[in-house]
Amino acid sequence: MECPHLETCVRISSAPVKCENNPPELCCSVCLTGSSPWICLSCGVINCGRYVSGHAREHHETTQQHSVCMDCHTLMTFCYLCDEFVINDTTAGNLDKLRKNLESFSRLTLQSQSAQNHRTGKPRRRSSVESVENKCKRLKREDKNKANGPRSSGLRNLGNTCFMNAVLQSLSNIQHFCGYIKQLPSLEDKIIKCRKSQIKKTRESGDTVLLVEELRKTLVSLWQGSKSSISPESLFSVIWKVVPRFRGYQQQDAHEFMRYLLDRLHTELLQLLPYPNSNSPYIGPKGKSTIVTAIFGGLLQNEVNCLICGMESKKHDPFLDLSLDIPSQYVTRTSKTKEGESVCKLGDCLESFTDVEELEESELYMCSNCKLKQRSTKKFWIRRLPNVLCLHLKRFRWSSHHRVKVETFVDFDLKGLDMSHYVLDMLHETRGSSSGSNLYDLAAVIVHHGSGAGSGHYTAYAVHESQWYHFNDSTVTACDTETVVKCKAYILFYVRRQIKLPDYLSVTANGEESSAI
């Protein structure tokens with residue numbers, strides 16, 4: 001968004017080394033951490049971001065006037081008064097000047113470190129201004145991260161691509177999905193054959209582009225663990241070609257991107273498989289399910305009842321995710337619930353989704369019995385639950401001529417989400433299943449930060465080997481469950497406790513066949 005506070009708040013454009021309050025490196029002036037340094041554009045002091053200790057926000061709250069700051073690594077600008085990322089600049093171009101200075105400072109720092117290491121033959125030491133107490137805290141954090149086992153690399157932001165990064169990191173932590181895609185053989189040799197198929201070709205070159213192949217490479221690179229972050233540039237380039245609406249560097253909606261991505265993967269896999277070797281574990285019946293539908297696919301039953309004659313109509317609709325309204329009585333709420341107010345729970349959103357509702361006048365139902373459009377009611381049931389239940393909270397709504405964000409905090413379960421109440425009983429798909437089959441545990445959650453639909457920032461939380469991590473573009477940090485449950489969820493990924501995949505898709509991350517888990 002365009003921030004109106006830049007002219008009054010932004011007073012510096014020089015490199016941070018000239019700021020007297022800062023250590024000689026890009027470190028927080030309070031806790032001296034080098035993680036997520038943000039420079040105040042009013043006074044030049046550097047403090048850590050909200051995902052570390054939040055000293056940059058505390059600085060703003062203390063001064064009241066210093067509201068605009070810049071990330072020293074990603075060079076993105078944020079205004080605390082607007083609660084949004086900033087896209088404009090001052091009349092004098094201060095932000096552009098500061099970005100160039102920070103880039104130069106980073107290059108000089110790297111050159112200096114390289115030269116020092118070459119002269120001494122030893123690793124660079126941290127600044128001597130770091131206290132013993134802070135050093136102990138830092139070492140404990142580093143030891144904790146190492147002890148927590150392997151984790152995914154970060155994904156570099158290519159210019160407002162946080163929406164893509166958050167989705168990719170979430171999907172990469174869905175074990176059965178990620179494991180299957182990573183274990184696929186290289187599909188590059190299939191491109192020539194695909195040129196004769198119906199897979200979409202790019203207008204520029206006429207060549208066939210395989211999104212699943214680039215996704216496979218990206219997921220493999222993410223879990224190699226050899227780099228702290230990787231660039232998804234090749235994948236993003238393919239996305240530009242196959243989904244033109246995502247071209248450019250403007251902010252996009254993470255939910256829309258996820259749906260386009262999964263739909264495209266499903267379409268490609270249907271046409272690429274089966275391979276000639278019918279014994280391959282990657283092969284499914286041609287024209288049937290793929291890993292996308294096997295993991296995320298569920299079935300809804302839509303019941304419509306005519307209020308005039310009582311005629312009932314039933315329709316079955318497949319789904320990859322469920323979009324849930326936040327109940328109207330909670331829409332004006334924020335994260336701060338007043339004393340005596342009830343908190344909006346995820347169950348309230350699910351209840352609202354499955355409740356009986358009367359259709360609007362503009363949606364009158366054509367009754368086959370009355371032969372007229374009549375007043376009617378509608379109700380959704382879940383006929384078949386998916387292995388991974390993806391729940392999208394509708395946080396963006398149209399108001400007049402623009403979209404506004406619903407800031408309501410929604411309380412959600414980390415463990416044991418019970419979907420039994422929303423599933424039709426005694427159906428062929430559910431009959432005989434144990435009670436645990438309808439229980440889900442949270443695997444990942446995508447969060448939108450900011451108040452605008454076309455701006456803001458996306459991050460993701462995901463659990464790996466019982467440890468939660470926060471994925472903020474290039475940065476991956478361990479976090480506790482208290483941090484996760486306090487976030488304002490936008491998309492939630494729940495994994496079924498008893499996953500049941502078709503035999504031909506039962507491939508784990510280790511390439512072994514798996515039964516119900």
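The values are calculated or read from the model by the stated rules, or taken from the named source; none is laboratory data. None of the values given here were measured: they were computed from a predicted structure. Here the Cβ positions follow ideal geometry from the backbone for every residue, glycine too, while neighbour counts run over all protein chains shown. Quick note on the areas: whole protein, heavy atoms, side chains included, nothing else; ligands and nucleic acids left out. Shrake-Rupley method; radii C 1.70, N 1.55, O 1.52, S 1.80 Å.
Worth pointing out:
- Rolled with a 1.4 Å probe across the full set of protein chains, the surface gives ASP263 an accessible area near 70 Å².
- Here each label is just a point 7 Å from Cα along the line to Cβ, and for SER368 and SER342 those points are 3.8 nm apart.
- Rounded to whole Hz, the Karplus (6.51, -1.76, 1.60) HN-Hα couplings of the range 40-53, x for glycine and proline: 6, 7, 9, 10, x, 5, 10, 9, 7, x, 5, 8, 10, 10
- Listed cross-link partners LYS371/LYS394; LYS415/LYS500; LYS315/LYS373 are compared with a 25 Å cut-off, the Cα-Cα value being larger for LYS371/LYS394.
- Ranking by accessible area, most exposed first, for GLU303, GLU351 with a 1.4 Å probe: GLU351, GLU303
- Under 5 Å from the amide H of SER229 lie the amide H atoms of GLY154, each residue being 5 or more positions distant or on a separate chain, with H modelled from the backbone and absent for Pro and chain starts.
- The simple spin-label model puts a point 7 Å past each Cα toward its Cβ; for ASP355 and SER228 those points are separated by 4.9 nm.
- Solvent-accessible area of TYR494, all protein chains in place: 0 Å² (probe radius 1.4 Å, heavy atoms, ligands and nucleic acids excluded).
- For ARG497, the solvent-accessible surface with a 1.4 Å probe is about 100 Å², rounded to the nearest 10.
- Solvent exposure ordering (accessible area, 1.4 Å, most first) of ARG395, ARG403: ARG403, ARG395
- Taking 12 Å as the cut-off, the amide N atoms of the range 32-49 that come nearer than this to a point 7 Å along the Cα-to-beta-carbon line of GLN65 belong to 42-43.
- Residues LYS217, LYS227, LYS378, sorted by accessible area with the largest first, give LYS227, LYS217, LYS378 [1.4 Å probe; ligands and nucleic acids excluded].
- Computed from the C-beta positions of ASP411 and ASP317, the FRET efficiency with R₀ = 45 Å rounds to 0.95.
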